[in-house]
1. Does Leu191 satisfy the condition of being in contact (Cβ under 8 Å) with a residue 24 or more places away in the chain and under 19 Å from Asp333 (Cα atoms)?
2. Quick check: anything in the range 440-447 at positive phi, within 19 Å of the chain's Cα centre (by Cα) and surrounded by 17 or more Cβ atoms within 10 Å (Cβ to Cβ)?
3. Just the residues that are more than 19 Å from Thr341 (Cβ to Cβ) and free of Cβ contacts under 8 Å to residues at least 40 places away in the same chain, please, taken from the range 371-412.
4. Restricting to helices (runs of 4 or more DSSP H) lying wholly in the range 30-106: which have 1 or more residues that are open to solvent by less than 30 Å² (accessible area, probe 1.4 Å), among the hydroxyl-bearing types (Ser, Thr, Tyr) and within 18 Å of Tyr443 (Cα to Cα)?
5. Take the conditions over 14 Å from the mean Cα position of the chain (by Cα), over 30 Å from Arg23 (Cβ atoms) and either buried (at least 24 other Cβ atoms within 10 Å of the Cβ) or touching a residue at least 24 places away in the same chain (Cβ under 8 Å) (or both) and apply them to Trp358. Does it pass?
6. So is Asp212 in a loop (DSSP other than H, G, I, E, B), without any contact (Cβ under 8 Å) to a residue 12 or more places away in the chain and on the phi < 0 side of the Ramachandran plot or not?
7. Please go through the range 231-264 and pick out each residue that is out of contact with any His (no Cβ under 7 Å at 6 or more places or on another chain) and of a type in the set (A, V, I, L, M, F, W, C).
8. Please tell me if Glu277 is among the charged types (D, E, K, R) and surrounded by fewer than 17 Cβ atoms within 10 Å (Cβ to Cβ).
Amino acid sequence: MPAILLGGTALISCNGNKQVLDRPNIIHIMTDDHSFQTISAYGHPISQLAPTPNLDRLAREGMLFTRGYVENSLSAPSRATLLTGMYSHMHGQETLGPGFDTTLTVFPQLLQEAGYQTAIIGKWHLHCDPKGFDYYRILFEQGDYYNPEFKTKDTDGKYIKESGYASTLITDYSLEWLDNRDKSKPFCLLLHHKTPHRNWMPEPKYLNLYDDVEFPYPETLFDDYEGREAASTQEMSIAKDMSWSYDLKVDQLKDKDKTPWIVRDWKRALDRMTPEERKAWDEAYDDENLKMIDRNLSGEELVKWKYQRYIKDYVRCIKSLDDQIGRVLDYLDKNGLTENTIIVYTSDQGFYMGEHGWFDKRFMYEESFRTPLIVRFPKMMKKKGTRCDALVQNIDYAPTYLDIAGIEKPEWMVGRSLTELFRNEGKEPEDWRNTLYYHYYDYPAVHMVRRHDGVFDGRYKLIHFYGEGKQKDKGNDIDKWELYDLQEDPCEVNNIYGEEGTSEITKGLTEELERYRKDYNVVEF
């Protein structure tokens, strides 16, 4: 049997007269809509008031990536990209609807063939059953925070309601699987949390956490979108588009919400609670809700109230999530698995914490394009607590996992293994990429963000919004370009496309964009 290579070195240990392959274990923790702004290792002001000690521990013991990005800031496409190492248009999952090409080989299948035991537990969010996994326990659709439903291979296609809070249950089932796995095999576990996806429902013990904290307001909370047509026609603003019930938890004003799915899902969320949970929920929210209604807030004051309610619920959910990350790290330590396990923490995309007045994601602007990424891999990272500024993307995860398992990357995977960065303390090799390609497709759809693609070179970002308009009163066909210098304009409010002095950078980025479209056969162009 040939030795599996890890970073060019054969890892062979002796067990009697047998050579045993010492292949690394893999844990990929992916959350849903987690912003880098709410991980205190990244230093954002919000996170300094709502720290994440266990994620910070992971960063201290591993590598913090400062420029990790996605190729399409949307949940289902991002998950398909993780599995395949391909761009959205290549694996077919461009939007939230059906589309994933189930005939494609996914990286867990290749790990299985190499002797790995594989599992996915938590959020799946693709319109097909998982393949390439010896075990799965997946949430129904987006999943519920309270008493969610799961499906396994043994439930006859049915989702079974479980008692508990989603973040805790997903961790419980993950540690249970680790306990009961075949310990003669290396493992790959995809541990996928629902948290902190909309509608940000904290667990009972944290319902009043941060009550006495006023979180800082982003500089662009009241952005006027001058010079940015697509930004002005979105439907994801805190001021106008957050629902009173489902998003802001003001049940007293639920009759103001007319959107059918909002009404349905808010009722569903409350009905899932036990009487004790509902009592604690009402006690946590009702008094503050009534005070707000009595004050009859309007204008900027009302937006600020909504912002505080949103941020507090969001980081309360993150507190629960961070607790569960700590449980996983402690389990690995206790069971002697830390040294030989790569543990990756990331999100399926970034998220707006009020920047540009928004919640949600979708745009190529920094807060949704950029994602948190923390990796700990003691066997390959000889120095703890390093930072990596290389441009990396979610197309790189599958190639990385195959690489550390000693499996050659298939030709159809467009990503690149991150192991060179692990070995070299985050320093990028000379031939590392210097640009990234992004493409968002899901229009018309919830939040009405226009289709766009673009390139980013680490400083300058060129974005092209395109396509037929589908919105009543503001759905014009669009063919608009935007250019940002993130060094001079980190908030991305000054579109400098066409301005004097930008012709050379525009020409270079346009040529790079055309290269991506041509090389990867982006058929829309």
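The values are calculated or read from the model by the stated rules, or taken from the named source; none is laboratory data. Because the structure is predicted, anything quoted here is derived from the model rather than measured. A quick note on method: Cβ atoms are made from the backbone with ideal geometry, for glycine too, and the neighbour counts reach across all protein chains shown. Heads up: the accessible areas ignore ligands, DNA and RNA and are worked out on the full protein's heavy atoms, side chains in. Shrake-Rupley method; radii C 1.70, N 1.55, O 1.52, S 1.80 Å.
1. Here the answer is yes, as Leu191 does meet what is asked.
2. Scanning the range 440-447, I find at least one residue that is at positive phi, within 19 Å of the chain's Cα centre (by Cα) and surrounded by 17 or more Cβ atoms within 10 Å (Cβ to Cβ), so the answer is yes.
3. Once the filter is applied, which keeps residues that are more than 19 Å from Thr341 (Cβ to Cβ) and free of Cβ contacts under 8 Å to residues at least 40 places away in the same chain, the range 371-412 yields Glu408, Glu411.
4. Details: elements: 45-49, 53-61, 75-84, 88-91.
Once the helices (runs of 4 or more DSSP H) in the range 30-106 are filtered for at least 1 residues that are open to solvent by less than 30 Å² (accessible area, probe 1.4 Å), among the hydroxyl-bearing types (Ser, Thr, Tyr) and within 18 Å of Tyr443 (Cα to Cα), what remains is 75-84, 88-91.
5. yes
6. It is true that Asp212 is in a loop (DSSP other than H, G, I, E, B), without any contact (Cβ under 8 Å) to a residue 12 or more places away in the chain and on the phi < 0 side of the Ramachandran plot.
7. Correct list: Ile238, Ala239, Met242, Trp244, Leu248, Val250, Leu253, Trp261, Ile262, Val263.
8. The answer is no for Glu277.
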